[in-house]
Amino acid sequence: MDLSPLWITFKISLAATVFVFVTGLLLAWGVTNLKRGRAVIDAVLSLPLVLPPTVMGFLILISVGSNSFIGKILDSFGARLVFTWQGAAVAAAVVSFPVMYRGIRGALEQVDINVIRAGRTLGLGEFKILRRVMLPMAAPGILASVVLSFARCLGEFGATLMVAGNIPGKTQTMSVAVYTAMQGGDRELAYKWVAIIVAYSLIILVGLNCLPSLRRSRR
Amino acid sequence: MKTLKVDIKKRCGEFILSVKFETSSDRFALLGASGSGKSMTLKCIAGIEKPDEGFICLGDRVLFDSSKKINVLCRERKVGYLFQDYALFPNMTAFENINLICRDNARTEELLKKFNIEGCSALKPAKMSGGQCQRVALARMLASDPEVILLDEPFSALDNYMHTIIEREIMDVLSGFDGPSVLVSHDRNEVYRMCGTIGVMDNGSLIDVQDKMGFFEHPATVVSARLTGCKNITALTADGFASDWGIQLELPSGCSAKFAGYRAHFFEMVGAEQKGKPNVFEVEVERVIEDTFSRVICFRQKGNKSESPDSLLTYITGKDTDAGDVKFLRLDPSRLILLER
C-alpha cells in the first residue's frame with residue numbers, strides 16, 4: 001500500500017496551519033479592536049465556513065490560476081499553484097481559516113477587558129498588551145483553535161480536488177485517496193484509508209481534550 | 001499644582017452623561033447610586049470611553065477636546081486608574097506586574113517594600129488575598145508615574161477589616177501625591193473620610209457639588225440628602241404639611257422648600273400631652289431592628305394611610321430604649337433639612 005497520501009496530507013495540513021495561525025491571529029486581533037464594520041468583516045472572514053467546497057475551489061482557481069494576477073506573478077518566478085501540493089495547501093488554508101480565526105477571536109474576547117484597559121492606562125502599547133497579556137491569557141483557547149484547524153485541513157476534499165487535482169504521490173491526499181479507491185472499485189483500499197483517517201482524527205481530538213491547560217480551566 | 005478640568009457629554013442610548021467639574025489638590029469624590037454615571041465619567045477621563053463632546057484638561061495638557069478633534073490615547077494620558085476588581089495581569093507574579101510598567105528592578109523592589117508585599121513578590125494574583133491584590137495594583141499604578149489618580153470603588157471587593165487598612169494606605173498614597181485625584185463611591189462615610197469636595201451624580205448629571213462639611217449639613221437636593229444618609233424625607237405642601245409623613249410641621253416663615261429631611265437619631269421622645277401638636281408624631285411602630293450598637297425603630301404616624309415608602313420613618317436610638325415606650329416623637333424644626341428639589 002502506497003502511504004504517500006498520509007505524508008502529503010500531513011505536509012499540506014502543517015503548511016496550511018502555520019499560515020492560517022499567523023493570519024488568523026492578526027485578523028482576530030484586528031477585528032476585536034474594530035469599532036465599526038465588525039459585523040460585515042467578521043462575516044466575510046467566516047464565509048469559507050458555510051460556502052460549498054466547490055465554490056471555494058472555484059474562487060481559489062480563478063484567483064491563483066495561470067490567467068489571474070497572482071498566477072502571473074508566480075509564473076514570472078517559475079512557480080505554480082494549480083496541480084501542486086502548495087495549491088492544495090492554499091485550499092486547505094482557505095477552508096480551515098474560519099476555524100482558526102473564530103477560535104482565536106473567541107479566546108481573545110474572553111480576556112478580561114479591564115485587564116486590557118489597565119494595561120492601556122499604565123502606558124503599555126497595544127502590541128505589548130497582546131504579546132505580554134492577551135496571548136498568555138488566551139493561550140489554551142488559541143492552542144485548541146490550532147489543533148482544530150489542523151484537523152479541519154485533513155477533512156478538506158472538494159476545494160483540494162479542484163485546485164490541486166488527484167495526482168498520486170504528488171497531490172493525492174487521504175480524503176481524495178478514499179474517493180479514488182471507491183471509484184476504482186478497490187473497496188479494501190478504501191476501508192484501509194477510512195480506518196487510517198478515523199484513527200488519525202481520533203488521535204488529534206483525544207490530544208485536544210488532553211491539553212493540560214484546557215483540563216485546568218474546566219475544573 | 002495641576003488642575004483637572006472636565007466638561008463632557010456622552011449619550012448611551014437613553015442615558016445621557018453630562019458632567020462638569022474641576023479639581024486640583026482637594027480630593028474630589030463622585031458620589032452616586034449604581035448606574036448614575038460615575039464610573040463612566042472616570043472612564044472618559046482615563047480615555048477608556050470617548051465622550052461625544054466637551055473637553056478634559058489636566059494642567060496645560062488637553063486630553064480631550066471635541067471641537068479641536070483632540071483625543072489623546074489612553075496610554076499617553078498618564079492617568080493612574082485603580083480598578084474595583086484590581087485588574088492585575090493574571091499571568092504574571094506581583095513582581096512582574098509592577099516591573100512590566102516601570103522596567104526597573106530596584107524601583108519594583110522598593111514599591112513592593114513600601115506596600116509591605118515583598119512576601120507576594122513571586123505569587124500570581126490568583127494566590128493572593130484581596131488586600132494584597134489591591135496593594136499590588138496600587139504599587140503598579142504608582143510605577144507608571146501618573147499625573148492624576150482615579151479610584152473606581154477601590155474597596156468594594158474587600159471585607160470590612162481590609163477596607164479600613166487599604167483605605168489608610170490609599171490615603172497615605174494620596175497625601176504624598178502631587179496632583180488631582182477623583183474617587184468614585186456610593187459610600188458616604190468613605191467619601192467623607194477621604195475627600196474634600198463631593199459631587200453627587202444622579203442619572204448621568206452632576207447635581208450638587210460642595211465641600212464635604214457643607215454637603216453633609218446642607219445637601220441641596222433630595223438625592224444628595226439620601227446619599228448623605230438622611231433616612232426620613234417627605235414632600236411638603238405650601239402650608240407646611242408633610243404629605244408623606246402625615247403630620248403638620250412648623251416651618252420658618254417664608255420657607256419655600258418643597259421637601260424636608262430629618263435624620264433618624266435627632267427625634268426626641270415626648271409625653272402624651274404633646275399629642276396633636278405640630279412636629280409631633282403619634283407613633284405606630286411597624287418593626288424594630290436590632291443593629292450592632294443601636295436599636296432601629298421603623299414607625300409611621302398613627303392613621304397615616306399613605307402608600308409612599310417615605311411614610312415609614314426611621315428612629316435610631318440606644319439599646320436602653322424599649323420600643324414599647326416610644327409613643328410620641330417630636331422633631332426639632334431647626335434640624336430639618338429643607339430642600340428645594
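Just so it is clear, none of the values below were taken in a lab; they were calculated from the coordinates. Since this is a predicted model, take the numbers as computed values, not measurements. Glycine also receives a Cβ, built like all others from the backbone with ideal geometry; neighbour counts cover every protein chain displayed.
Table for the structure above
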| read-out | value |
| --- | --- |
| Residue mean of other protein chain beta carbons inside 10 Å, A:128-138 | 2 |
| Descending semi-axes in Å of segment B:230-339, equivalent ellipsoid built from Cα gyration tensor | 22, 14, 13 |
| Highest-first arrangement of A:29-40, A:95-106, where packing means the average Cβ count within 10 Å | A:95-106, A:29-40 |
| Cβ-defined net charge surrounding B:G119, 12 Å radius [Lys, Arg +1; Asp, Glu -1] | +2 |
| Those lysines that a straight Cα-Cα span of less than 23 Å connects to B:K43, excepting residues fewer than 8 apart in one chain | A:K35, A:K128, B:K2, B:K5, B:K9, B:K10, B:K20, B:K68, B:K69, B:K78 |
| Lys, Arg +1 and Asp, Glu -1 on Cβ, resulting dipole of the protein assembly as shown about Cα centre, debye, nearest 20 | 1940 debye |
| Separation between Cα centres of segment B:284-326 and segment B:51-87, rounded to whole Å | 48 Å |
| Farthest positive-ward along segment B:1-159 dipole, Cα basis, beta-carbon charges - from B:L88, B:A126, B:F155 | B:L88 |
| Dipole magnitude of segment B:230-339, debye to nearest 20 (Cβ charges: Lys/Arg +1, Asp/Glu -1, about Cα centre) | 140 debye |
| Cα extents of the protein assembly as shown along the three principal axes, largest first (Å) | 113, 53, 50 |
| Protection-proxy order for peptides A:7-17, A:121-131, each taking the mean of Cβ atoms within 10 Å per residue, highest first | A:7-17, A:121-131 |
| Which of B:L251, B:V280, B:A323, positive extreme of dipole for segment B:251-341 (C-beta unit charges) | B:L251 |
| D_trans [Stokes-Einstein, Kirkwood Rh over alpha-carbon pairs] for segment A:1-46, 10 °C, 1.306 mPa s, µm² s⁻¹ | 125 µm²/s |
| Mean projection area, nm², convex hull over Cα of chain A | 14.7 nm² |
| With 5 Å bins from 0: P(r) over segment B:68-210, alpha-carbon pairs, percent | 2, 9, 19, 21, 20, 15, 8, 5, 2, 0 |
| Relative contact order (%) - criterion: Cα under 8 Å, at least six apart; region: chain A | 30 percent |
| Rg to Rh quotient for chain B, alpha carbon positions, Kirkwood Rh | 1.07 |
| Pair-distance profile P(r), taking every C-alpha pair of segment B:178-250, with 5 angstrom steps and integer % | 3, 14, 23, 20, 15, 11, 8, 4, 2, 1, 0 |
| Fluctuation leader among B:S36, B:S156, B:S224 - chain B, Gaussian network, Cα springs under 10 angstrom | B:S156 |
| About the Cα centre, charge dipole magnitude for chain A (Lys/Arg +1, Asp/Glu -1 at Cβ), debye | 940 debye |
| Average Cα contact separation per residue, segment B:4-226, under 8 Å, 6 or more apart, as relative contact order % | 29 percent |
